[in-house]
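Beneath this line is the structure, given in structure tokens, with notes to follow.
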Amino acid sequence: MTDSTDGHAPHPYIGGRTNALRALSAWRMARPGAPRVVALTGDSGSGRSRLLTGFLMLCDPESRKQLDLERLDPSCVPPDLPAPAAANARGLTAQQFLWALADHFELPVARTEDVYAELAALGEPVSLVVLDGDQAGPVRHTDESAVLVRRVLKPLAALDSVRLVAELPRHLVTELAEGLPADALQIIDLDEPPWADPEGMVRHAQAALDPSFAGADLPFTLDPEVRHALATIIGRRAGTSPLVVQLAVQSVLIAPEGFDPADESQLPSSVGEALDLHAGRLGADPQMLRLLLAPLALTEADGMPVHLWARLTSAVAGQDMSGAIADGMRLVAPFIQPVEPRADGDDESRGRMLLRLLHPAIGDTIRAGLPSVQTAQTHMAMALLEAVPEQDWGKADPYVRDHIAGHTLAAGLLPQLLTDPSLFVHADPVPLRAAIEAVPIEELGAPARTYLRAAPLLTRNEVSEPWRAALLETTFVEDGLPEYAEALHRLGFELPWQTLWSLPVTDISEVTVGSLQSAEGPTTGVAVLVVPSSTPGAQPMDEGSDFAVLIHGLVHPHDLGATDLGQVLRPSEEERTDAPLGLSRGADYVRVWDKASEEVLAALISDVPFVSADLSPDGILVVATQRGAKALRIRPVNTAIAS
């Protein structure tokens, strides 16, 4: 079977891939015998994402209106059905991806594990297209793509209620296929017959050379015959890679001087050759080009801020490269692209121009040519640390602050970085958590382990920096790290509470506040914890009772075990009514609010259920979870931190 248009017009966005479009259309229509799961694969640069984007255009009602469907092969055009759900995995953890699915399908789940059962319970099958599975994860130096396949895509593929198309690197397709019936899965490998499209490569090159598109009036672009002959050579040399076609065309358009369109040796057959030939065309050392691109090949997230490029290139090269960058824009131009600032970004990110490589395959090639990726990452990490003003993470560039963990992870230095509570507060918790989780737990210090325990609360709730500081403060106290909690109070945030003490007692069933009247001095506030009678140091509530109590100082962490429970005075109803603060509690949250203004002053959340909570009239909150009990002094704040 050949990949031919059979006289029909090619897809205007893809320019070919007819056989693949036919297979995807059959999947969309659920034709008899059509597979329920399609794995789209091929080498990086083979056009997987472009193919899926073009297919989704055929599925989307608004995009279909912009296409002349009558001219396309009818077997490639699915009927006018509701568009399948499309989810891009780029930059997402497996858990984030599952939450995104739950939100899209409006599934009533409190845990990501419940997504599969809810999808299985839907009345009709759902169709899902997953793009950029090879770019999953917020940190480069982790294998989140494999985690996505193992924890998300395999369970989804196993559901009869899910029809799935997933774009994946070749080595992960085998894992996705394990356990699936042979007739349930179809593999489309764009580098293999019948899915490879040599005619499409030539059409791609010819369209890119057309003066109306290229914006260049040159002998090999103006003359249709020469243009077609050159496009044929470019397509043949590029094999199955549209990326190599694109790089070849951009290179000759940027530097046409001395280019002979009939000389095949001047045209690349791989990304590496595209780099070397372009450098040679400009009279530059190919190694210089690779050095200029190296930081971009090692960058994290969407791209690198332009102002950091020279600093990091110099760090990797071991010499000042600012002049080479200033003079080398023609040299790097075919291989980079600017990234527009995100419209939904924070104030620091808006208006910041980023740079990234044109395609991940270029980064693969650059990294493969480095003597040591770890050494290069070490130099970059040191340069990024030096770029932090006064070593104050609150003043750091957003890229440095949010992605230093990824660079130090790749350099093997991350555990040494994880000693500053300021970084825990200011860094984006999603990439920081992903980087820390990639380190063996035995290599992490106590502060990093505490951060990991709190991280699910920080990432799922997308909390602000002051709220991160507050949640980390109380978690550090719970874990016996009061010096880290105290450091968070010195960061300049007005935290909604100060954690006074934490008691790691399990099986608490109730906490209440009270007071002890002393003849010699003032009233002492106490917390009464109801625990099993077998709890060491507890005093029985009644003879023969299965329950006992621990009496603990409310403000100071003193065990008052010798105190007679009968001496403890509970706040009267009048005292509770007249108290300025109110308390409300759910399974995973406790809120304290100002009764006069109805403003939430503090919102405490937990990854384990709250068992009990009580609030003293003077504003000391005592809570109990499965881990134990703790007391927090609530501080009225000007700006409430609410959930």
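Consider region 294-345 and keep the residues that are touching a residue at least 60 places away in the same chain (Cβ under 8 Å) and among the acidic types (Asp, Glu). The one that is farthest from residue 355 (Cα to Cα) is 300.
Among the residues of this structure, residue 44 counts as one that is outside any helix (DSSP H, G or I) and modelled with pLDDT of 95 or more. Of the residues making up region 459-468, just one is over 17 Å from residue 591 (Cα atoms) and in contact with a Ser or Thr (Cβ under 9 Å, 6 or more places away or on another chain), namely 459. Within region 433-473, if we keep just the residues that are out of contact with any Phe, Trp or Tyr (no Cβ under 7 Å at 6 or more places or on another chain) and of a type in the set (Val, Ile, Thr), the residue that is modelled with the lowest pLDDT turns out to be 463.
Would you check if residue 294 is assigned to a helix (DSSP H, G or I), at pLDDT 95 or above and open to solvent by 20 Å² or more (accessible area, probe 1.4 Å)? When the stated conditions are applied, residue 294 does not pass them. Here residue 512 fulfils each of the conditions (1) closer than 19 Å to residue 623 by Cα; (2) modelled with pLDDT of 95 or more; (3) in a helix (DSSP H, G or I) apart from (3).
For residue 38, the criteria (1) touching a Lys or Arg at 6+ places or on another chain (Cβ under 8 Å); (2) outside any helix (DSSP H, G or I); (3) buried (at least 17 other Cβ atoms within 10 Å of the Cβ) hold in every case but one, which is (1).
Flag set for residue 544, criterion: small (Gly, Ala, Ser) and over 36 Å from the mean Cα position of the chain (by Cα). It is to be established whether one or more residues within region 43-56 are at positive phi and open to solvent by 40 Å² or more (accessible area, probe 1.4 Å). No, that holds for no residue. Consider residue 593 against the criteria (1) in a loop (DSSP other than H, G, I, E, B); (2) on the phi < 0 side of the Ramachandran plot; (3) of a type outside the set (S, T, N, Q): it satisfies all of them except one. Which criterion is unmet? Failing condition for residue 593: (1). Scanning region 483-509 for residues that are within 23 Å of residue 618 (Cα to Cα) and part of a helix (DSSP H, G or I) gives 485, 486, 489. Of the conditions (1) in contact with a strand residue (DSSP E or B) (Cβ under 8 Å, 6 or more places away or on another chain); (2) in a loop (DSSP other than H, G, I, E, B); (3) farther than 20 Å from residue 489 by Cβ; (4) open to solvent by 30 Å² or more (accessible area, probe 1.4 Å), residue 636 clears all except one; give me its number. Residue 636 satisfies all of (1) in contact with a strand residue (DSSP E or B) (Cβ under 8 Å, 6 or more places away or on another chain); (2) in a loop (DSSP other than H, G, I, E, B); (3) farther than 20 Å from residue 489 by Cβ; (4) open to solvent by 30 Å² or more (accessible area, probe 1.4 Å) except (3). When residue 96 is tested against (1) over 30 Å from residue 296 (Cβ atoms); (2) open to solvent by 30 Å² or more (accessible area, probe 1.4 Å), exactly one condition is not met: (1). All of 631, 613 fail the test of being open to solvent by 20 Å² or more (accessible area, probe 1.4 Å) and under 17 Å from residue 530 (Cβ atoms), apart from 613.
Set side by side, the residues 172, 164, 247, 190 differ, and just one is touching a residue at least 12 places away in the same chain (Cβ under 8 Å), hydrophobic (A, V, I, L, M, F, W, C) and over 30 Å from residue 119 (Cβ atoms), which is 247.
Just one of the listed residues (36, 28) is in contact with an Asp or Glu (Cβ under 8 Å, 6 or more places away or on another chain) and closer than 20 Å to residue 185 by Cβ, namely 36. Quick check on region 187-198. Is at least one of its residues more than 24 Å from residue 273 (Cβ to Cβ), at pLDDT 95 or above and not basic (Lys, Arg)? Within region 187-198, one or more residues are more than 24 Å from residue 273 (Cβ to Cβ), at pLDDT 95 or above and not basic (Lys, Arg).
Applying the set (1) open to solvent by 40 Å² or more (accessible area, probe 1.4 Å); (2) over 30 Å from residue 191 (Cβ atoms) to residue 312 leaves exactly one unmet item: (1). For the structure I just gave you, tell me whether residue 150 is open to solvent by 70 Å² or more (accessible area, probe 1.4 Å) and part of a loop (DSSP other than H, G, I, E, B). So residue 150 fails the test.
Scanning region 39-69 for residues that are within 25 Å of the chain's Cα centre (by Cα) and more than 20 Å from residue 244 (Cα to Cα) yields 39, 56. Note on region 472-527: among residues that are in contact with a Ser or Thr (Cβ under 7 Å, 6 or more places away or on another chain) and of a type in the set (D, E, K, R), the one that is nearest to residue 549 (Cα to Cα) is 510.
Exactly one residue out of 600, 608, 590, 622 is under 33 Å from the mean Cα position of the chain (by Cα) and open to solvent by less than 10 Å² (accessible area, probe 1.4 Å): that is 590.
For the residues 291, 267, the requirement of being within 13 Å of residue 332 (Cβ to Cβ) and either free of Cβ contacts under 8 Å to residues at least 40 places away in the same chain or touching a Leu at 6+ places or on another chain (Cβ under 6 Å) (or both) singles out 291.
Scanning region 279-291 for residues that are under 34 Å from the mean Cα position of the chain (by Cα) and open to solvent by less than 10 Å² (accessible area, probe 1.4 Å) yields a count of 1.
Restricted to region 118-143, and to residues there that are open to solvent by 70 Å² or more (accessible area, probe 1.4 Å) and closer than 12 Å to residue 162 by Cα, the residue that is modelled with the lowest pLDDT is 123. When each of 342, 352, 367 is tested for being surrounded by 12 or more Cβ atoms within 10 Å (Cβ to Cβ) and modelled with pLDDT of 95 or more, the lone residue that passes is 367. When region 540-585 is limited to residues that are assigned to a loop (DSSP other than H, G, I, E, B) and free of Cβ contacts under 8 Å to residues at least 12 places away in the same chain, the one that is least open to solvent (accessible area, probe 1.4 Å) turns out to be 572. Checked against the criterion of being within 30 Å of residue 298 (Cβ to Cβ) and among the charged types (D, E, K, R), the candidates 124, 106, 118, 144 yield just one match: 144. Comparison of 173, 147 shows that the only residue that is within 17 Å of the chain's Cα centre (by Cα) and either farther than 26 Å from residue 22 by Cα or of a type outside the set (Lys, Arg) (or both) is 147. Would you confirm whether or not region 83-92 contains a residue that is more than 17 Å from the chain's Cα centre (by Cα) and open to solvent by 70 Å² or more (accessible area, probe 1.4 Å)? Within region 83-92, not a single residue is more than 17 Å from the chain's Cα centre (by Cα) and open to solvent by 70 Å² or more (accessible area, probe 1.4 Å).
For region 245-253, the condition of being open to solvent by less than 50 Å² (accessible area, probe 1.4 Å), touching a Leu at 6+ places or on another chain (Cβ under 8 Å), modelled with pLDDT under 95 and over 26 Å from residue 140 (Cα atoms) holds for none of the residues.
The values are calculated or read from the model by the stated rules, or taken from the named source; none is laboratory data. Since this is a predicted model, take the numbers as computed values, not measurements. Because the Cβ atoms are built from the backbone with ideal geometry, glycine has one as well, and the counts that use them run over all protein chains shown. Quick note on the areas: whole protein, heavy atoms, side chains included, nothing else; ligands and nucleic acids left out. Shrake-Rupley method; radii C 1.70, N 1.55, O 1.52, S 1.80 Å.
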